[in-house]
Structures are given as structure tokens and as C-alpha cells.
């Protein structure tokens, strides 16, 4: 059983995230699921890719989240002419007027903030997209052969438009894999859209107040990694992800007919970390099966490559993930008796 201090930590994290939700609700109508994914990504030191049609308040949501967290915020508008130096920064020659000596001085780019909005990330060429890779993975950038650390906390929230394809550059699989989640920002419900109309056509917008700090966020991130998870749930996670790998002996029976490529080890890591954060946000000091299954789609949907036949049938990655969830045993004893997983789960 979890000790009393662990339960207190879970309650502290839950109270903090509830205060953040309350602040966001002053400006954002609905989108509770997307907000929860952003909070989980933040708690897990992860990054999030948001996909949705124009006008769904993606930018407002991200800037409001940064304010509520008490963190620094930078918005980078990705365009075809954006260069890596526009993101990372550059070195300039500066002359000391007193001595006449010239030295290189580094001018930091917008990447040196806590929260980065990479707006319409798929509108810039791969060379510029790749400038984010080192920062996202290692929390540092290399400019002029000098490695420069990025402060903590740090997370990238990127947006992309699912309907406009002209002038876009699809994100490479390696870059998509750096994102913990792919969140789908959907249209509001009828009642939610009425409330949006009311709020945005009269008076002034509500102000967001900071309810946390960088130091508190870093402390909460440490709590997530200390949260226990049962060995049977770890085995389930590994089995679920390995079931997507076409051509491997542990692939689910239908994977070969649906997928051209499956998810890698990062999916396992992110799914476990996300489940830990979700449990704490609910005030529970340990992970349950529902925490894993609830996050399977946002973790896996951008890591699965559908084959031509699946796409021609009009199926989505979420449809395939549903099949994977149905094909993966959920109890440790069943896993051990399933011939697909004996080699993986031995021990």
C-alpha cells in the first residue's frame, strides 16, 4: 500500500492541477481532454502536438496555460522562410568602444523559454524543423560549436492544421516521435459554442492569474517519476506497444494487415509516465489500468503508419489502436500464457 507521504504528494499535485484548470476555464470553453493532455505532458517533461482546424483557440489555450503556470512563453510562427537561427539564436560580433576589442556575443533565440508554441510547425522546411530536435530531446542547443543549456521546465507545444496541405512539409517520423502526445482539438459542442459566442462578443476577456511557478513544476515532475506502477501494468504496456510492430514475433494478429510501421520504445516510456501523471492528477498514489488505456490513443496515433489498404478503407490510427487494445490481454496471468509474449515477459 502507498505510504501517507505518497498520498499527500498526490493530493498536492491534484490541487495544483485543479487550480490551473480553474484559471483556464475563465478563458477556454470545453476542451477538458486536451487541457488534461497538456498538463500530463508538462508533468512528464514531455512535448505535445496539437492538431485542429483554424479558430479553435489553440494559441489562446497555450498562452493561457503558460500564464497560469507562471512560466516564460515564446511563440514561434513557422513559415517557409524561417531559419534555424531564428529559433535557436545567433552569434554577433560586438566591439568594446573603450578598448576596440571585438568579441562574439550570443543573442539567444525564442527557444530559451519555458513554454514554446511552435505555431503551424508543418509550414517550415525540414532543416528548420530539425532545429527543434536537440532542444526537445536533450534540453540544450548547439550554436557555433557551443552547447547551451535550456532551463527547466521546458516543453514544446506545436500546432498543425489538418486540412490545408499546400505549402506544408509533413513532420518526419523521427520528429513526431519526440512528441509525447498528439492531441486532436475538435469543434465545440452546440452548447459550448453558444458560450464561446457569449464570451467573445461582449465585454473584455478575463485575466489569467499565475497559480504555480517554475520551481513548483519541477518538484511536481519529480513526484511523477517516483509514483509506483505494478509490474503487471508495465508488462501490459510493453505487450500493447510491441503488438503494433509489423513483422515482429510479438505483433498482434491483425497488425500486419493494418500497419506499415509500428511504435518504438518511446511509446512505452511515455505511456507509463503519462499514466503515472494521470493517476496523481486524480488524487490516486498509484497507477491503474484505466490510466494506461485512456492514454493509448494520444501516445500511439502519431507513431503508427497505416498501410494503403487501411487508409483506403477510411480507417484512422485511432481505429487501429482500438483493435490493438482489444487484442492485448489485460491480466498478468493471461500475458504469461499468451505465446506472443512469452519471450518478452519471461522472468
Expressed in angstrom and rounded, the centroid-to-centroid distance over alpha carbons for region 272-293 and region 68-93 is 34 Å
Helix 231-242 sits off the longest principal axis of the Cα atoms of the chain, rounded to the nearest 10 on a 0 to 90 degree scale, by 80 degrees
Across 174, 263, 53, the residue with the highest GNM fluctuation in the chain (Cα network, 10 Å cutoff) is 174
Rounded to 0.05, the calculated FRET efficiency for the beta carbons of residue 193 and residue 147 at R₀ = 45 Å is 0.40
Plugging the Cβ-Cβ distance of residue 104 and residue 133 into 1/(1 + (r/R0)^6) at R0 = 41 Å yields, to the nearest 0.05, a FRET efficiency of 0.95
Nearest-0.05 FRET efficiency for residue 269 and residue 59 at R0 = 35 Å, using Cβ-Cβ distance, is 0.75
P(r) of region 229-340 over all Cα-Cα pairs, 5 Å bins starting at 0, rounded to whole percent, reads 2, 13, 24, 24, 19, 11, 6, 2, 0
For the chain, longest principal axis from Cα atoms; helix 190-200 axis from its Cα atoms; angle between them, nearest 10 degrees, is 10 degrees
Note to self, the chain gives a 222 nm [θ] from helices alone (DSSP H runs n ≥ 4, -39500 (n - 2.57) apiece, / all residues, nearest 500) of -13500 deg cm²/dmol
Projected onto their principal axes, the Cα atoms of region 40-149 stretch, largest extent first, over whole-Å spans of 54, 31, 25
Expressed as a whole-number percentage, the relative contact order of the chain with C-alpha contacts under 8 angstrom and at least six residues apart is 22 percent
Exposure proxy check on 212, 64, 222, 316: fewest-to-most Cβ neighbours within 10 Å is 222, 316, 212, 64
Computed over all unlike Cα pairs, the Kirkwood hydrodynamic radius of region 141-268 in Å stands at 20.2 Å
The helix 265-281 Cα axis meets the longest alpha-carbon principal axis of the chain at an angle in degrees, between 0 and 90 and rounded to 10, of 80 degrees
For the chain the translational diffusion coefficient, Stokes-Einstein from a Kirkwood Rh over Cα pairs at 10 °C and viscosity 1.306 mPa s, in µm²/s, is roughly 73 µm²/s
Out of 285, 153, 210, a Gaussian network model of the chain with alpha-carbon springs under 10 Å gives the largest mean-square fluctuation to 210
GNM of the chain, Cα pairs under 10 angstrom: of 235, 186, 139, the biggest fluctuation goes to 186
Placing each pseudo-label 7 Å from Cα in the direction of the beta carbon, residue 213 and residue 169 end up separated by a distance in nanometres of 4.1 nm
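Values quoted throughout were computed directly from the atomic coordinates according to the rules given, and no laboratory measurement underlies them. Everything numeric here is computed off the predicted structure, so don't read it as measured data. In this analysis, Cβ positions are derived from the backbone assuming ideal geometry, glycine residues included, and neighbour counts consider all displayed protein chains.
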